[in-house]
Amino acid sequence: MIATGFFGKHTGKFWLAAVFLFLYIPLVFLVVFSFNSTRQDGVFTGFSLRWYEALMNDSRLVEGFFLSLKVALLTGTLSVVLGCFAAFVLVRYRGSSGFAGRTAFYGMVNAPLVMPEVVIGLSLLLLMVASQRMFDFPERGFTTLVIGHTLLGMAYATTVIQSRLADVDRSIEEAAMDLGCRPVQVFFLVTLPSIAPALVSSWLLTFTLSFDDVVLSEFLSGPGVTTLPQVIFSYARRGVNPSIYAAATLLIAAVSLGIVAYSLLVLRRQNRLRSG
C-alpha cells in the first residue's frame with residue numbers, strides 16, 4: 001500500500017523520467033562507445049581516442065561535414081527570408097483585403113509539411129533533370145541541394161513566423177506611420193524586431209532540418225557531392241564504424257553547448273528585465 005501510494009503520488013515524475021531515459025540512453029551509449037579502444041559492439045574494452053583521430057583523417061566525413069554546414073547555413077537564411085515574405089502575405093492580406101488565389105497559395109506553401117519526402121525528392125529530381133537538359137542549369141550538386149532543402153525549410157519557417165506575426169499589435173505599426181514612418185521603415189523598425197524570436201527559431205529549425213536531411217539529399221546530390229548524413233548512412237549500411245560514433249558525439253556536444261549558451265542568454269535577459 002505504501003509503495004502503491006508513493007507511486008501514485010509521483011506518477012508524473014516516473015513517466016517523465018521514463019521518457020527522458022527512453023530518449024537519452026541511446027545517446028549515452030553512443031558517446032561512451034565513441035571512446036572504446038576496439039571496434040567491438042556492446043563491449044567496452046578500454047578508453048581511447050583512436051576513433052576521433054580516425055575521424056579527423058577520414059576525408060569523406062570531414063568534407064561531408066563542411067558541405068552539410070554550408071548547405072544548412074544557406075538553406076536556413078533563404079528559408080527565413082522567403083518564409084517571412086510568405087507569412088506576411090498570408091497574415092496581412094486576408095479577409096476582405098485578401099487576394100485571388102490566397103487559398104491555393106496557402107495550400108502550396110504548407111504542402112511540403114505533409115508530403116512524403118520521397119515524393120518531394122523524386123519530383124525535384126525530375127524537375128532538375130528537365131531543367132538541366134533545357135537550360136544546362138542547375139547541375140546536380142550544391143545548388144540543387146540548397147534549392148530542395150529551401151523548399152522544405154520554407155514551409156516550416158512560414159508556419160513559425162505566421163503564428164508570431166498574427167499576434168503582433170497592429171496599433172504599434174499604425175502609430176509609427178502616424179509619426180511619419182514609411183511602410184518599409186515600419187517593417188524594418190517595428191515589425192521585424194517584434195517577430196525576431198520567431199525568425200531565430202525558424203532559422204534554427206530549418207538549419208537543423210537541412211543539416212540532418214538524408215532523403216532529399218539522396219535525390220539531389222551529384223557525383224562527388226555527399227553530405228555528412230549521407231556519408232554516415234553509407235557507413236552504417238556496410239557495418240559498424242566507430243568513427244561515426246565520434247562524429248555523432250561531436251555533433252551532440254556542439255548542440256548541447258549551443259542550447260546551454262542560448263538558455264544562459266535568455267536567463268540573463270530575463271534577470272536583467274526583472275532587475276530593471
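The values are calculated or read from the model by the stated rules, or taken from the named source; none is laboratory data. Computed from a predicted structure; not experimentally measured. As a convention, Cβ positions derive from the backbone with ideal geometry for all residues, glycine included, and neighbour counts pool all protein chains shown. For accessibility, only protein heavy atoms count, side chains too; no ligands or nucleic acids. Shrake-Rupley method; radii C 1.70, N 1.55, O 1.52, S 1.80 Å.
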In a Gaussian network model over the chain where Cα atoms closer than 10 Å are linked, find which of Phe188, Phe14, Phe219 has the largest mean-square fluctuation.
Phe14
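Quick one: length gained pulling Leu113 to Val43 fully straight, 0.36 nm per residue minus the C-alpha distance?
Value of the extension gain: 21.1 nm.
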Take the Cα of Tyr106, step 7 Å along the line toward its Cβ, and report every residue of segment 168-182 whose backbone nitrogen sits under 20 Å from that point.
168-170
Could you check the spin-label model distance between Leu69 and His10? Points 7 Å from the Cα along Cα→Cβ, value in nm.
4.4
Could the peptides 78-87, 117-126, 200-209 be put in order, highest first, of the mean number of other beta-carbon atoms found within 10 Å of their residues?
78-87, 200-209, 117-126
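When the helices in the chain are scored as -39500 (n - 2.57) per DSSP H run of 4 or longer and the sum is shared across all residues, what 222 nm value do you end up with, to the nearest 500 deg cm²/dmol?
After summing the helix terms and dividing by the residues of the chain, the value is -25500 deg cm²/dmol.
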When the chain is treated as a Gaussian network with springs between alpha carbons less than 10 Å apart, the largest mean-square fluctuation among Ser263, Ser210, Ser234 is found at Ser263
Would you mind getting me the FRET efficiency between Leu126 and Ile172? Use the beta-carbon distance for r and R0 = 41 Å, nearest 0.05.
0.30
Please report the spacing between the Cα centers of segment 104-128 and segment 241-260 in Å, no decimals.
31
Tell me, in nm to one decimal, what length is gained between Ile252 and Val31 on full extension, where the rule is 0.36 nm per residue of separation less the Cα-Cα distance?
78.7 nm
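How compact is the chain by the rule of thumb for globular proteins, expressed as Cα Rg over 2.2 N^0.38 Å?
Cα-based Rg divided by the globular estimate yields 1.27.
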Counting only heavy atoms of the protein chains, get the accessible area per residue of the chain (1.4 Å probe) and round it to a whole Å² value.
63
I need the helices of the chain that pass two filters: whole DSSP H segments spanning 15 Å or more by Cα along the axis, and mean Kyte-Doolittle score no lower than 1.6.
11-33, 117-135
For segment 1-137, convex hull volume per residue from C-alpha positions, Å³:
269
Take the chain, connect every pair of alpha-carbon atoms lying under 10 Å apart with a spring to form a Gaussian network, then pick out the residue of Glu218, Glu139, Glu173 with the largest mean-square fluctuation.
Glu173
